[in-house]
Amino acid sequence: MPQIFHRSTNTLAKLSIFGGLFILAFAAWCLAEINRSSWNTGAFVEREQPVQFSHKHHVGDDGIDCRYCHTSVETSAWAGMPPTKTCMNCHAQIWNDSPYLEIVRTSWRTNKPIEWTRVHDLPDYVYFNHSIHVNKGVGCSTCHGRVDQMPIVYQYASLQMEWCLQCHRDPARYLRPRDQVFNMAWQAENAAAENKTEAQLAQGRQLFNAYHVRHKAILQSCSTCHR
Amino acid sequence: MWNIEKSRRQKAVGRKQKAESGRPLWLARRPVVICLLLTAFCLLPSACRQDMQDQPRYNAYRASTTFSDGASARPLVEGTIPRGWLREDELYYTGKMSGAQARAQAGATSTAQATTPNMQGNTSSQPSGGSVTNVSGNNAGGNLGTQQGGPGNAAAQQDATMFPFPITQDVLTRGQQRYNIYCSMCHGMTGYGDGMIVRRGFRRPPSYHDERLRAAPVGHFFDVITNGWGAMPDYAAQIPVQDRWAIIAYVRALQLSQQVNKSEVPPEKLNQPQGGGGQTEGGGERH
């Protein structure tokens, strides 16, 4: 019986075993990227809200501090969604006949909360506490991005575990002074440092010690977040 | 040996034939089927099941179909006092003093006054013209019987003229920070009533540097923050009691800052910009 395949196909066959590894690796990489993409994580997708509330206007243009509305961010696990009362503090007088705010006024009259669309939703098996992060020098914009430039708020980070861990492994890369936590535009500055990263690292390490941030082994322990 | 092997083979063949004749195919090919099922199961997108992500419990702000207002968080039953929320200290929680208490505390908190000469001095050294009978100089009793409660009513509540706790530098710093968050939006960074919200059309609040507000007792400010005043809504839900007092202390400092003689300021403090602790720029700075 004559040979069906040429001798050279032996090499091809051997190569295909080797190449198969690459194909598998490529497939795994594709899956990981799909998993990380905003299609899966919901990052950078603007969420329509019942009221056209613009953080860009209220924070960026008017200069209202985050804590004016999110009052419990320094003391509680939840940053605090403002009740309708907080809207009415100003909008009882300003834009008080605007059709855009009819939902707010209805909520105020009927004592029924406005049902906002949730933007950031961690899985229920993750423990997250705003106050500890804010009090240890993690800035709002580190996780939420430049909210003062978002007409419609979107999720800035992937909120995946690898994203949490990149900071928990080395918080010095992100820490800032406590009095700059609510400053949307803050960046580390140090005349001696060569670039921004160097400046951030130098200051971050200093703050890591000054604020008594827990040891990295504790920050990365499973039960720190999954309790 | 060979016999055993042969008989085994025969048994196996027999079993196979039996299976093909009597039992359904999927049972006969059980390992193959199981492997296929396992593969299919692994291929199921894990995102389809969210039981762990969204556990059947009420997180903060989660909606509920049980109650008519749709909220899972319930307001307190009227008259309930949570543990640790019994508000016995009248001065601290209301900014008011009943007559007897006012006199007693005027003496008792003389230490507090001693630590805050500027605050207290500013409070009681500038009584509003005519309406306050300043009985004993720097004494909280000075306002007694002259305001809305009226004389003859011993239990009448008066706006407190003293802070319930000593005002330290820490309290003032906290007060400045809180003022810039909650008050500067309308009252302006320096208290002239020119904040951003006012520029956007809100009714202009009175300046803190008016004669009337310079003379107003601290309890008046506490009452306004807690219950609102005129166009100003109450901030009881947004500002905790301790912070309200800190803000009032800072308002006193602001008032002092616009009245002080330049020669009284230490030279190293002159021309030193007093930032709002890195707050986003809100109201207009006036220096």
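Read-outs: derived from the displayed coordinates by stated rules, not from any lab. Worth saying up front: this structure is predicted, and the values here are computed from it rather than measured. Please note: Cβ atoms are built from the backbone with ideal geometry, for glycine as well, and neighbour counts cover all protein chains shown.
Quick one: among A:GLY204, A:GLY145, A:GLY19, which has the greatest mean-square fluctuation in a GNM of chain A with alpha-carbon springs under 10 angstrom?
Of the options given, A:GLY19 has the highest mean-square fluctuation.
Let me check against my output: what whole-number percent is the relative contact order of chain A, with C-alpha pairs under 8 Å and at least 6 apart?
On the way: 255 pairs, mean separation 50.5, N = 227.
Computed value for chain A: 22 percent relative contact order.
Determine, from the Cβ-Cβ distance of A:MET161 and B:ARG74 and an R0 of 41 Å, the FRET efficiency 1/(1 + (r/R0)^6), rounded to the nearest 0.05.
About 0.75, to the nearest 0.05.
With axes computed from alpha carbons, what is the tilt in degrees of helix A:9-36 against the longest principal axis of chain A, rounded to the nearest 10 within 0 to 90?
The answer is roughly 10 degrees.
Eight or more residues apart or on different chains, and alpha-carbon atoms under 25 Å: count the Lys pairs in chain A matching that. Don't skip to the end; give the middle numbers.
On the way: A:LYS56/A:LYS85; A:LYS85/A:LYS112; A:LYS136/A:LYS196; A:LYS136/A:LYS216; A:LYS196/A:LYS216.
Number of lysine pairs found: 5.
Using helices alone, I'd like the mean residue ellipticity at 222 nm for chain A: each DSSP H run of four-plus residues gives -39500 (n - 2.57), total over residue count, nearest 500.
-12000 deg cm²/dmol
Mind checking the dipole of chain A: about its Cα centre, +1 per Lys or Arg Cβ, -1 per Asp or Glu Cβ, Debye to the nearest 20?
Its charge dipole is roughly 720 debye.
Between segment A:113-172 and segment A:1-68, what is the separation of their alpha carbon centroids in Å?
Cα centres, segment A:113-172 to segment A:1-68: 21 Å.
To the nearest 0.05, what FRET efficiency results for A:VAL51 and A:ASP170 with a Förster distance of 30 Å applied to their C-beta separation?
Efficiency computed from Cβ-Cβ geometry: 0.15.
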